[in-house]
Amino acid sequence: DTLPSIITTTSTTSKIKMPKIPALKFVDSDNIITATDAAGNVTQIILKDKDRKHQLKADVKSLSYNGQNSDINKSLFHFDWLYDKKNNLQVLTQQIQSKKDFNILSVYGLNKTLITGKDVNGKISKLLNGLVLLKVTTSKGDFNWSY
């Protein structure tokens, strides 16, 4: 889950003072990824269909927050990528679908990223230069997205 962003300004100097954001601890145990915040809240993601040796792909099987499983039956988070023999990224595909009725597909190749799909704002079709990653966050057991 994302941490709140709070920006405060001083009255006359217009300097921005950013609050200190607590560190997150991540543990990647093969198909189980655990994130713990400074308050002790634990988000755990279990992956299925992972193949780090050949295709480098992963799908989210389950999501829990502080030991409570979230219903992600109508949600999907899938990614896979391919490197050439010189270890250069050739293709990266990301797909995220939420029970909030959005479905986004991002495909990177030939130094361009195509983002297509549909969300609450309607149809999406954007061609962007370079590698653009989808930012996936969770909120109360559902996925959110941005880039």
Exercise. Kindly list, by first and then second residue, each pair from a residue in the stretch 124-141 that is open to solvent by less than 40 Å² (accessible area, probe 1.4 Å) to a residue that is at pLDDT below 95 and among the hydroxyl-bearing types (Ser, Thr, Tyr), limited to pairs with Cβ atoms under 6 Å and residues at least 6 apart or on different chains.
Key: VAL132/TYR147; LEU134/TYR147; THR137/THR2; GLY141/SER70
Quiz item: Do you know which of the residues in the stretch 74-102 that are open to solvent by 60 Å² or more (accessible area, probe 1.4 Å) and under 14 Å from PHE143 (Cα atoms) is modelled with the lowest pLDDT?
Solution: LYS100
Quiz item: From the set of residues in the stretch 61-97 that are of a type in the set (S, T, N, Q) and on the phi > 0 side of the Ramachandran plot, which is nearest to the chain's Cα centre (by Cα)?
Solution: ASN66
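Confirm whether VAL107 is open to solvent by 50 Å² or more (accessible area, probe 1.4 Å), hydrophobic (A, V, I, L, M, F, W, C) and under 13 Å from TRP145 (Cβ atoms).
So VAL107 fails the test.
Select, from LYS118, LYS99, the only residue that is touching a residue at least 40 places away in the same chain (Cβ under 8 Å), charged (D, E, K, R) and under 21 Å from ASP59 (Cα atoms).
Only one candidate passes the filter, namely LYS99.
Looking at the structure I just gave you, is LYS17 surrounded by fewer than 15 Cβ atoms within 10 Å (Cβ to Cβ) and modelled with pLDDT of 85 or more? Steps first, please.
Details: surrounded by fewer than 15 Cβ atoms within 10 Å (Cβ to Cβ): yes; modelled with pLDDT of 85 or more: no.
No, not satisfied.
The values are calculated or read from the model by the stated rules, or taken from the named source; none is laboratory data. Note that this is a predicted model, so its numbers are computed, not measured. Cβ: placed from backbone, ideal geometry, glycine included. Neighbour counts: every protein chain shown. In case anyone asks, the SASA skips ligands and DNA or RNA and just uses the protein heavy atoms, side chains included. Shrake-Rupley method; radii C 1.70, N 1.55, O 1.52, S 1.80 Å.
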